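A.B. asks: Handing you this structure, nothing more for now.
The values are calculated or read from the model by the stated rules, or taken from the named source; none is laboratory data. Since the structure is predicted, the reported quantities are computational estimates derived from the model, not experimental observations. When we count neighbours, we look across all protein chains shown, and the Cβ atoms used for this are built from the backbone with ideal geometry, even at glycine. Remember, those area values only see protein heavy atoms, side chains included, never the ligands or the DNA or RNA. Shrake-Rupley method; radii C 1.70, N 1.55, O 1.52, S 1.80 Å.
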Amino acid sequence: TGTLLGTIKDATGSAVSGATVVALNTGTNIETRTQSNESGEYIIPLLPPGQYNLTIEAPGFKSFRETGIGLTIDAKVRVDVSLTLG
């Protein structure tokens, strides 16, 4: 399995806690969800290898989406995000 992880901040560099993070395996259409902690960090471990789309949402911010994230066995893929107000 592999892991997606990262840090979510706002435009000023402050941590965004409680953001909803969704990793969608595009091959199986299975979603795995988590939330960012008080430091804005998130981690989604134990994901099967494949292609993923990552969506991050938090109240008061525009949604963030990144597609085509390739995850291989034992990989730790970091996706740090800066959310904009919206």
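A.B. asks: Based on this model, can you work out whether I8 counts as open to solvent by 60 Å² or more (accessible area, probe 1.4 Å) and hydrophobic (A, V, I, L, M, F, W, C)?
C.D. replies: The answer is no for I8.
A.B. asks: I'd like to verify a number: residues in the stretch 56-86 that are of a type outside the set (A, V, I, L, M), within 20 Å of G18 (Cβ to Cβ) and not in a strand (DSSP E or B), how many?
C.D. replies: 7
A.B. asks: Could you say which residue among V81, V77 is under 12 Å from L5 (Cα atoms), in contact with an Asp or Glu (Cβ under 9 Å, 6 or more places away or on another chain) and among the β-branched types (V, I, T)? Walk me through it before giving the result.
C.D. replies: Values: V77 fails: in contact with an Asp or Glu (Cβ under 9 Å, 6 or more places away or on another chain).
Being under 12 Å from L5 (Cα atoms), in contact with an Asp or Glu (Cβ under 9 Å, 6 or more places away or on another chain) and among the β-branched types (V, I, T) holds for just one of V81, V77, which is V81.
A.B. asks: Taking the condition of being under 12 Å from the mean Cα position of the chain (by Cα) and within 12 Å of T28 (Cα to Cα), how many residues in the stretch 39-52 meet it?
C.D. replies: Result for the stretch 39-52: 1.
A.B. asks: Going through E66, E31 one at a time, which residue ends up being among the charged types (D, E, K, R), within 12 Å of the chain's Cα centre (by Cα), open to solvent by 70 Å² or more (accessible area, probe 1.4 Å) and closer than 11 Å to V81 by Cβ?
C.D. replies: Just a single option satisfies the conditions, and that option is E66.
A.B. asks: Also: Working only within the stretch 15-55, note down all residues that are free of Cβ contacts under 8 Å to residues at least 24 places away in the same chain and either in contact with a helix residue (DSSP H, G or I) (Cβ under 9 Å, 6 or more places away or on another chain) or part of a loop (DSSP other than H, G, I, E, B) (or both).
C.D. replies: S17, T28, N29, N37, E38
A.B. asks: Right, another one. Please enumerate the residues belonging to the stretch 13-33 that are of a type in the set (G, A, S) and over 15 Å from I44 (Cβ atoms). Steps first, please.
C.D. replies: Kept after step one, since they are of a type in the set (G, A, S), are these residues of the stretch 13-33: 13-15, 17-19, 23, 27.
Selection gives G13, S14, A15, S17, G18, G27.
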